[in-house]
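Visitor: Got a structure for you, questions after.
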Amino acid sequence: MTIAVGDPIPDVELRILRGKTPEPVRSRDVLGKGKVVLFAVPGAFTPTCSDYHLPGFVHRADELRAKRVDTIACISVNDAYVMAAWARDQKVGDNVLMLADGNGEFTRAMGLEADMSAAGLGARSQRYAAVVEEGIVTALLVEPERGLKVSSAESVLSAV
């Protein structure tokens with residue numbers, strides 16, 4: 001079952017890279033306080049994710065913060081090393097918190113997994129964005145098909 005507006009954000013273990021060590025963090029600890037914009041991508045370094053989705057949030061971080069967004073977070077079914085390398089490649093800096101859902105537990109708990117085996121990617125996340133306030137989903141923008149239309153930074157700016 002897919003998470004819906006009004007539902008609490010799932011509480012599972014994710015990872016972030018601190019120095020050279022993947023550090024476990026709880027999703028409720030990093031996404032459950034204040035106003036959070038969370039966006040999910042099918043894979044780090046993939047074309048749409050690298051050319052449009054992540055850069056849109058990096059470039060519009062100040063506009064989102066002006067709308068009282070406390071945290072902008074990107075999540076993908078990748079490991080913490082890949083997410084950190086992608087952040088460096090994309091010059092993310094402190095604009096976006098990069099969360100690794102290496103085992104896909106958060107993605108499954110959200111009900112937003114996608115079987116991308118036909119493309120050689122295995123189980124991944126659907127592309128989406130969510131606004132989370134004090135741990136409760138207040139907006140959910142799931143892409144209805146491939147591409148980037150409803151979950152872009154521009155769309156999220158209209159939803160916050």
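Only the coordinates and a few stated rules stand behind these numbers; no lab work does. These figures come from a predicted structure and were not determined experimentally. With ideal geometry, Cβ positions are generated from the backbone for all residues, glycine too; neighbour counts draw on all protein chains shown.
Visitor: Looking at the square roots a ≥ b ≥ c of the eigenvalues of the Cα gyration tensor of the chain, which shape do they give, rounded for a/c under 1.5, prolate if a/b is larger than b/c, or oblate? Mind dumping the intermediate values first?
Guide: Numbers: a/c = 1.15, a/b = 1.10, b/c = 1.04.
Since a/c stays below 1.5, the shape of the chain is classed as rounded.
Visitor: Report the local net charge at residue 63: Lys and Arg +1, Asp and Glu -1, summed over other residues whose C-beta lies under 15 Å from its C-beta.
Guide: +2
Visitor: What list of ³J(HN,Hα) values in whole Hz, one per residue of the range 62-74 in order, does the Karplus curve 6.51 cos²θ - 1.76 cosθ + 1.60 (θ = phi - 60°) give from phi, with Gly and Pro shown as x?
Guide: Each residue of the range 62-74 in turn: 5, 5, 5, 5, 5, 9, 6, 7, 7, 9, 10, 10, 10 Hz.
Visitor: Related question: Over the range 13-159, how many pairs of lysines fall under 26 Å by alpha carbon, counting only those 8 or more apart in sequence or from different chains?
Guide: 9
Visitor: Follow-up. Sort the range 24-108 into rounded, prolate or oblate with this rule: let a ≥ b ≥ c be the square roots of the eigenvalues of the Cα gyration tensor; rounded if a/c is under 1.5, and if a/c is not under 1.5, prolate when a/b is larger than b/c, oblate otherwise.
Guide: oblate
Visitor: Let me ask something else. Tell me the relative contact order for the range 13-159 as a rounded percent, counting alpha carbon contacts under 8 Å between residues six or more apart.
Guide: Averaging sequence separation for qualifying contacts and normalising by length gives 29 percent for the range 13-159.
Visitor: Further question: Starting from the amide H of residue 137, placed 1.01 Å from N in the peptide plane, find each other amide H under 5 Å away whose residue is 5 or more places distant or on another chain.
Guide: 6, 7, 9
Visitor: How much of the DSSP beta bridge set in the range 13-159 is antiparallel, as a percent to the nearest 5?
Guide: 70
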